[in-house]
Each structure stands twice: as structure tokens, then as C-alpha cells.
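Accompanying notes for the structure given below.
Where a number appears in this text, it was derived from the coordinates with a stated rule and is not lab data. Just so it is clear, the structure is predicted and the values come from calculations on it, not from any experiment. With ideal geometry, Cβ positions are generated from the backbone for all residues, glycine too; neighbour counts draw on all protein chains shown.
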Amino acid sequence: MSMHRKGFDALMEIIARPELIFVRGQGSWLEDHAGKRYLDFVQGWAVNSLGHQAPEIVAALERQARLLINPSAAFYNQPAIDLALRLVQASCFDRIFFANSGAEANEGAIKLARKWGQKHRDGAYRIITFEHAFHGRTLATMSASGKEGWDRKFPPQVEGFPKARLNDLASVRALIDEQTVAVMLEPVQGEGGVIPATPAFMQALRSLTREHGLLLIVDEVQTGMGRTGRLFAYQHADVEPDIMTLGKGIGGGVPLAALCAREAVSCFDPGDQGGTYNGNPLMTAVGVAVFDALTAPGFLDDVNARAQLLSTGLLSLCEKWGLPGERGLGLLRVLELDGDHGPALVEAARERSPEGLLLNSPRNNLLRFMPALNVTADEIETLLKWLDGLIGQVCTA
């Protein structure tokens, strides 16, 4: 396959893309237009929970496409009901609204919390979020995010998102006032550098929000659906939030997300929330297939075993090369570098020959790993071997 500059130029430029075109994938591997293969430890930013071209997903798409694709969100469809029931039975939530992206689910969570504030807290609307948080790219979710510089991108910001510091309960308490309706956080700040909220902080936050009559919202767009070794990351802390959002891994690669809420918080009036494609049977049928794969006996045990293998291997690299360390939960991990080598390592890994390696650097001194949840032990060993060589090549030059 040949590449044409005109084709690249037809796409709106939103990010600096390397000049290669991926044409097929299988499991943990991608292949580009020239036939070069890449071991993929990004997986669409933790999207492809079962890897590329997962047979369960292909079968669900083929089967459902022959039955019904989109009757509109104004009518019930069976796959949406089936997936909603699975999520309710596996969590502490009672009601599910399906969306197309994590940002859309988070936007819905913000709207739902504000609606609840109108009905139960005299119009309170402020949602305490956290420095370095990432909640999406809509105007409201950008305002809710604590990503540096975003407050200057598309002013004016949506008002009502004061920022606390993760794992610092006093910083949350200091921001609570009569206009506060909720606290919203990622159980692990992914874009912020894979920084986990500690179980003790999550438990204290749940107690604090209950003490003040506030909602607790967990953004599990990146951490949900088995990524951290539990089905949902909030389960590590043994707390029960009021609202949860899911995205990325729930669809295994297709556009699917969910807004989950307890019955007492589900207060939308007709017309408050909707969407042309929301909860369509084609996407929710895939969601059912992904859910059933992730909850099959032994699957999450394997995730935890692979996570331990990856963590141990990264720690060995730290010891060999004098790196500061690694951290994360499950198969969402980072390696901390001894300088701003992240972008150079990402490029060197991709350019590696004869086979490339796909990595992500959320901060210049970090490498993030988000492999398929069914990544094999051999693939992790291959990653570690190649990364060892790349560190020697890039970080000691």
C-alpha cells in the first residue's frame, strides 16, 4: 500500500502522527502499510481490552449487524438491556445510561449531579475535582480536568470545578461550601501519570461526602472493566460511589461508554439526556461479549498474574539502569525514568527494526503501559527484553 500526502492532508490535524498507516491487527500486534509488525502496549489508550480483532467482538458485530443496528434510543433493544443488567448485577449501581465516549459519559455525570443538586441541595452545582485529573475534551470535561494549561485553551471555562489535591483529604474539605454538590475523581489518574488514589483516601472521601450530603463520582473510563485487576477500580477500596462512568475497555475497541448511578441519584427528567447512537444494539452487543469475556472464570486472575509479571520486570529494569521505580494497578502501569527520555523512547521503540514497539509517554519522564488484558507472558517478556535494549540505546547515549 502506498501513502499519499494528499490523503494525510484531508484529515484535520489534531496531533502529530507518524507517517505510517496501520492496516490490520491481531491480539497484541499491529501491522502497518509496509508489512512491519508492532507489539502494541498502548492498545488505543487502554481501549482494546481483548486486543486487536478479538474473535468475540468480531462474532458479536457480525451476528448483531444481521439483526438490528439502530432502532433509535427512543425504543428498548435487547443487547442494551442485557448489558445494563450485567453492569447492575456486578456493581453497586441501579441504573445505566449508555453513551459513545468517556467524555460523553462524564458530561452526563456532571449533568446528573447538577440535576440532583437542583432537586436536593437548593441548586448546588459545584463539583470538586483534582489537580492533574483528565475527564475528557468537551468544554465541561476540560474544565473539570486538572490538566495544566487547559484553563487557557477555550476560554471562558465552564464554572464550578474547584481543584483539590489527590490523596489530600484536607484539600477537599477546604473547598466544600453550600454550592458543592459532588466530588469527582479517577481512582487512578491515568493521563496524570498513573497516580493511584490510596484505598484510605477513597474511604475517607466516601465518609466526608456522606458527612456533607455530597455525591461521590468515580471516573472509571480508563480504570474500569478489569484494567486494574478488579472489574471496577473502586472495588479495591471497598467503597460504594453514587455515580460511575465507564468507557474505553467496555467496548473493547468500539465506541461505547456508560453512565452508572444509584437509584436515589437517577433523577433525570424526560428530555434531559439522550443521543442518536446511545445504547444502539450493535455497540451494546459488543459490550455484552466483552463483559462476558472479562468476567469468565479465571480471567481477572490472569490479569493480576500478568500485572505482577510486568511490575516485577519493570522493577528489574529499574535496578539494572538506576531508574526511580514503577507504579500502577493491574495492567495500567508506568515506568519512571531518570530524565525526560519518554518521547525519545516512544519514537525509538516505534522505529525499532525489524519489529516495532508501541509505547506511550504521558509525561516526559514516564512510560505508560496499557496492554490488552489478555496479553501473554511471552509478550510481556518480549516487551521487557526490547525495552532493556531501548533504555541502553536512548537513556545512556
For segment 1-107 the mean separation of alpha carbon contacts under 8 Å (6+ apart) over residue count, i.e. relative contact order in percent, is 13
Helix 78-89 sits off the longest principal axis of the Cα atoms of the chain, rounded to the nearest 10 on a 0 to 90 degree scale, by 80
Fewest-first ordering of Ser316, Ser145 by Cβ atoms within 10 Å yields Ser316, Ser145
From fewest to most C-beta neighbours within 10 Å, the residues Arg137, Arg210, Arg121 line up as Arg210, Arg137, Arg121
Expected sort for Lys320, Lys248 with the fewest Cβ neighbours (10 Å cutoff) up front is Lys320, Lys248
With segment 55-294 reduced to its Cα atoms and the Debye formula applied, log10 I(q)/I(0) at q = 0.17 1/Å amounts to -1.25
What one gets for segment 252-397 as the Kirkwood radius, inverse of mean 1/r over different Cα pairs in Å, is 17.9
Percent of all Cα-Cα pairs per 5 Å bin for segment 196-277, counting from 0 up to the last occupied bin, reads 3, 14, 21, 23, 18, 13, 7, 2, 0
Cα convex hull volume per residue for segment 336-397, in Å³, equals 82
In whole angstrom, largest first, the equivalent ellipsoid semi-axes that the Cα gyration tensor gives for segment 153-228 are 20, 18, 11
Measuring from the longest principal axis of the C-alpha atoms of the chain, the long axis of helix 342-351 (C-alpha) lies at a number of degrees, nearest 10, equal to 50
Of the listed pairs Lys36/Lys385; Lys111/Lys147; Lys36/Lys248; Lys6/Lys153; Lys119/Lys248, those with alpha carbons more than 23 Å apart are Lys36/Lys248; Lys6/Lys153; Lys119/Lys248
Once normalised by the length of the chain, the mean sequence separation of its alpha carbon contacts under 8 Å that are 6 or more apart gives a contact order in percent of 22
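For segment 81-132, how big is Rg over Rh, using alpha carbon atoms and the Kirkwood form of Rh?
Working: Rg = 13.5 Å, Rh = 12.9 Å.
Checking Rg against Rh, the ratio lands at 1.05.
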To the nearest 10 degrees, the tilt of helix 55-65 (Cα long axis) against the first principal axis of the alpha carbons of the chain is 50
Projected onto their principal axes, the Cα atoms of segment 1-111 stretch, largest extent first, over whole-Å spans of 49, 33, 28
Of all DSSP beta bridges with both partners in the chain, the antiparallel percent, nearest 5, is 65
Helix-only [θ] at 222 nm, the chain, -39500 (n - 2.57) per DSSP H run of 4+, per residue, nearest 500, equals -11000 deg cm²/dmol
Expressed in angstrom and rounded, the centroid-to-centroid distance over alpha carbons for segment 377-395 and segment 118-146 is 39
